[in-house]
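No lab work stands behind these numbers, since they all come straight from the coordinates. Note that the coordinates shown come from a computational prediction; the quantities given were computed from them, not determined experimentally. Using ideal geometry, Cβ is built from the backbone for each residue, glycine included, and neighbour counts are taken over all protein chains shown.
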Amino acid sequence: MLLSLQGLSKRFGATLALDHLDLAVAAGEFLTLLGGSGSGKSTLLRVIAGFEAADSGKILLEGRDLAPLPPHARPLNMMFQSYALFPHLSVADNVSYGLKRDGVAKPERARRVEQALAMVGLEGFGGRSPQKLSGGQRQRVALARALVKRPRLLLLDEPLGALDANLRERTGFELRALQRETGAAFIMVTHDQQEALALADRVAVLEGGRLVQLGPPRAVYDQPATRFVAGFLGGANVLEGMPDGQGGFDCPGLGVTLRPAVAIPADCRACALRPERIAHLAHADRPNSFDGIVEDVAFRGDDSLLLVRASGGALLRVGHAEEDGPPPERGSRIALGWEAAALVPLHS
Amino acid sequence: MRRLLPLAGGAWLAGFVAAPLLVVLVLAISTAAEGVPPFDLPWIGGISLDAFSLVLTDGFYVESLGGALLVAGGAATLCLLLAFPMALGLTRARPTWRGPLLFALLLPFWTGFLPRIGAWIGLLRDEGWVNTVLENLGLISAPLPLLYSWPALFLGMLHAYLPFAVLPLYASLSRRDPVLEEAAADLGATPWTVFFSVTLPLAIPGAAAAFLLVFIPAAGEYVIPELLGPPGTPMVGRVLWQEFFQNRDWPTAAALAVLLLALLLAPIRLFQRLGTRR
């Protein structure tokens with residue numbers, strides 16, 4: 001393992017920003033830290049970089065404990081959300097700043113700066129002032145500056161957050177290409193679930209300073225472990241209820257008993273059901289189906305989102321694909337159903 | 001209201017900046033005369049450039065101008081050197097401490113200027129506190145000539161003008177982005193390197209303002225050199241005072257004042273450019 005975090009805790013006053021967090025990152029891996037505000041994801045990055053000291057726990061980089069090292073002595077680099085480009089230095093001087101600190105000779109420095117700028121598509125921008133660049137160009141300078149020292153580990157704090165939507169997707173692809181090219185491990189903090197799923201080899205979901213789920217994007221999306229992950233990733237419906245002891249799951253909110261494909265643990269109190277896995281039926285006369293009234297319809301471009309009230313009072317988010325024709329009207333009664341495999345029992 | 005405000009500003013400038021300057025300029029090209037007031041206005045006695053030619057050719061006046069600039073430059077540099085760590089410390093202090101610390105910085109202003117200079121005289125004179133303590137400790141046998149010396153002059157300047165340097169620096173440093181310093185550290189810069197390569201260069205506009213705020217009033221200062229400085233300190237403020245009130249040569253004094261203003265405009269332009277370069 002390149003980086004290994006063991007029992008990391010950090011407290012700010014009364015709030016526990018990191019709560020005995022364990023996490024290992026392999027060399028060359030792209031890991032995203034996903035979480036809402038206050039989940040501790042940014043704190044975790046700052047603790048790894050050395051800007052905050054952990055209260056307890058270990059940070060091992062290639063087996064070496066980083067805790068006693070100040071930020072400037074840690075062999076990793078960080079890309080900041082605001083990019084943090086030095087306004088008094090040119091683009092080239094910004095990029096060569098770290099090389100200069102390492103005592104790299106001038107001609108070698110110039111060569112590597114040129115190389116790094118070319119890598120991010122900014123050839124010939126070296127003489128400019130960072131303040132005269134567009135947001136996307138500044139983002140690239142920050143990336144070049146962080147990568148020019150060829151770190152084995154790069155920390156990225158919301159690197160796409162300040163870009164507009166179109167640029168964000170393209171830059172995301174470029175980011176991943178750069179990661180493959182350099183072979184560095186990337187740990188990227190984001191609050192954007194699509195970004196996290198699209199870019200990462202593995203997604204780590206944080207909540208309240210704890211790691212609540214860790215896995216490949218598809219696994220985390222398809223098999224959310226907790227209510228929080230189910231809701232945070234893709235806005236799954238969380239159906240509260242109790243196992244009926246015969247392989248079913250009583251869900252009073254829907255007024256039916258759910259029939260999951262997998263065995264339900266006796267202490268399970270909720271199942272996740274993704275909006276896009278729910279289909280329209282002619283009649284709600286089979287297992288895993290129900291009748292409901294459409295309370296609202298929202299057009300989202302590639303599909304529509306229906307809010308459907310079940311007879312038991314639960315309000316479900318239901319996807320309605322464009323190719324299924326116009327969505328039902330508000331106030332109409334519809335029958336909905338899903339495959340047994342769409343139901344995911346949640347742990348907590 | 002929106003039209004009135006610039007008008008008020010214009011009136012203020014006209015009344016308190018342009019008009020006095022005009023009076024001084026007219027005085028400078030008047031001829032000296034016996035009587036009250038001790039000059040003939042240009043439209044009575046004719047335009048005279050004698051005062052300017054005297055001030056520019058007599059080594060005494062040129063020296064006093066140079067001395068003033070040197071002392072002011074020295075005082076401003078000293079203030080800047082001391083103010084920088086103070087301002088940086090203020091920005092790094094806990095927020096609850098910042099108010100009291102700023103208050104302490106401004107506390108000397110609550111006492112009059114002359115009593116504070118008087119206190120320095122009391123401390124530094126031959127029978128003063130410093131010499132008495134040193135003598136009683138047996139460290140010296142005869143009093144040190146502390147008062148009426150260059151160190152005493154600069155001590156007084158530093159004491160009087162330090163807050164003027166700390167405040168603009170504090171304002172500039174407290175607006176800096178701490179993430180820039182973190183980025184520098186992340187790229188391998190030690191705390192000292194961070195300071196010299198990021199914090200200091202970005203504080204140059206604030207430092208320029210601090211330097212000017214000390215330099216300009218210090219150049220015309222005459223009380224501190226008179227009361228603490230070595231005898232005959234060639235400072236223009238002192239010479240101006242003597243010309244006006246002792247020699248009663250108003251045209252010469254006015255010409256000297258105009259020259260001082262012209263000399264001060266050069267560094268002001270220079271520092272303004274430094275301040276707005278970014």
Using only the alpha-carbon atoms, how far is helix A:106-119 inclined from the longest principal axis of chain A? Give it as 0 to 90 degrees, nearest 10. 20 degrees
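Relative to the compact globular guide of 2.2 N^0.38 Å, what is the alpha carbon radius of gyration of the protein assembly as shown, as a ratio? Please report the intermediate quantities before stating the final value.
Details: Rg = 37.0 Å, N = 626, 2.2 N^0.38 = 25.4 Å.
That ratio works out to 1.46.
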Helix B:4-13 sits off the longest principal axis of the Cα atoms of chain B, rounded to the nearest 10 on a 0 to 90 degree scale, by 60 degrees
Report the antiparallel proportion of the DSSP beta bridges in the protein assembly as shown as a percent, rounded to a multiple of 5. 75 percent
Per the 1/(1 + (r/R0)^6) rule, R0 = 56 Å and r from the Cβ atoms of A:Met242 and B:Thr96, FRET efficiency to 0.05 is 0.60
For the stretch A:229-345, just the Cα atoms, rotate onto the principal axes and tell me the three extents in Å, largest first. 40, 29, 22
Unit Cα scatterers, Debye sum, the stretch B:95-150: log10 I(q)/I(0) for q = 0.17, 0.19 Å⁻¹: -0.68, -0.73
Computed label-point distance, nm, for sites A:Val262 and B:Trp110 using a 7 Å Cα→Cβ extension: 7.1 nm
List the residues, sorted by chain then number, that are 5 or more residues from A:Ala17 or on another chain and whose placed amide H is less than 5 Å from its amide H. A:Lys10, A:Arg11, A:Phe12
With a 10 Å cut-off between alpha carbons and a GNM built on chain B, which of B:Trp129, B:Trp192, B:Trp12 moves the most? B:Trp12
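So if I take the alpha carbon set of the stretch B:1-124, get Rg, then get Rh from the Kirkwood formula, what is the Rg over Rh ratio? Could the numbers behind the result be given before it?
Numbers: Rg = 23.0 Å, Rh = 20.2 Å.
Answer for the stretch B:1-124: 1.14.
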Of the candidates A:Asp291, A:Asp102, A:Asp19, which one comes out as most mobile in a Gaussian network treatment of chain A with C-alpha springs shorter than 10 Å? A:Asp102
Report ³J(HN,Hα) in whole Hz for each residue of the stretch B:194-199, in order, from the Karplus equation J = 6.51 cos²θ - 1.76 cosθ + 1.60 where θ = phi - 60°; Gly and Pro get x. 4, 4, 6, 9, 10, 4
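So for the stretch A:131-210, averaging the separation of alpha carbon pairs under 8 Å that are six or more residues apart and normalising by length, what relative contact order in percent results? Don't skip to the end; give the middle numbers.
Working: 51 pairs, mean separation 25.5, N = 80.
Taking the mean separation of contacting Cα pairs over the length of the stretch A:131-210, I get 32 percent.
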Starting from the Kirkwood radius over alpha-carbon pairs of chain B, derive D by Stokes-Einstein at 25 °C in a medium of 0.890 mPa s and give it in µm² s⁻¹. 112 µm²/s
Across the Cα atoms of the stretch A:7-136, what radius of gyration and what greatest pairwise Cα-Cα distance (Dmax) are found, in Å? 17.6, 51
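As a test, work out the antiparallel percent of DSSP beta bridges whose residues both lie in chain A, rounded to the nearest 5. Spell out each step's value before the answer.
Values: 52 of 69 bridges.
The antiparallel fraction comes to roughly 75 percent.
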Check cross-link reach from A:Lys41 to the lysines: straight Cα distance under 22 Å, and skip same-chain residues fewer than eight apart. A:Lys10, A:Lys58
For A:Lys106, the lysines lying under 18 Å Cα to Cα, once residues fewer than eight places off in the same chain are dropped, come out as A:Lys149
Spin-label model distance (nm) - A:Thr182 vs B:Leu139, 7 Å beyond Cα toward Cβ: 5.7 nm
Connecting C-alpha atoms closer than 10 Å in a GNM of chain A, tell me which of A:Ala142, A:Ala200, A:Ala266 has the biggest fluctuation. A:Ala266
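If you wrap a convex hull around the alpha carbons of the stretch B:199-266, what volume per residue comes out, as a whole number of Å³? Working shown, then result.
Numbers: hull volume 6.8 nm³, N = 68.
Per residue, the Cα convex hull of the stretch B:199-266 comes to 99 Å³.
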What angle do you read, to the nearest 10 degrees and between 0 and 90, between the alpha-carbon axis of helix A:135-147 and the longest principal axis of chain A? 70 degrees
Per residue, how big is the convex hull around the C-alpha atoms of chain A? Give it to me in cubic angstrom, could you? 162 Å³
Using a Förster distance of 25 Å, the FRET efficiency for A:Asp285-A:Gln223 (Cβ separation, nearest 0.05): 0.30
Have a look at A:Tyr97, A:Tyr83, A:Ala49 and report the one farthest towards the positive end of the charge dipole of the stretch A:3-222, computed about the Cα centre with Cβ charges (Lys/Arg +1, Asp/Glu -1). A:Tyr97
May I ask you to list the residues of the stretch B:74-96 whose amide nitrogen lies under 14 Å from a point 7 Å from Cα along the Cα→beta-carbon direction of B:Phe103? B:96
Between A:Val212 and residues 5 or more places away or on another chain, the pairs with built amide H atoms under 5 Å apart involve A:Val205, A:Leu206, A:Glu207
Label point distance in nm, B:Ile121-A:Ala340, each placed 7 Å from Cα along Cα→Cβ: 10.4 nm
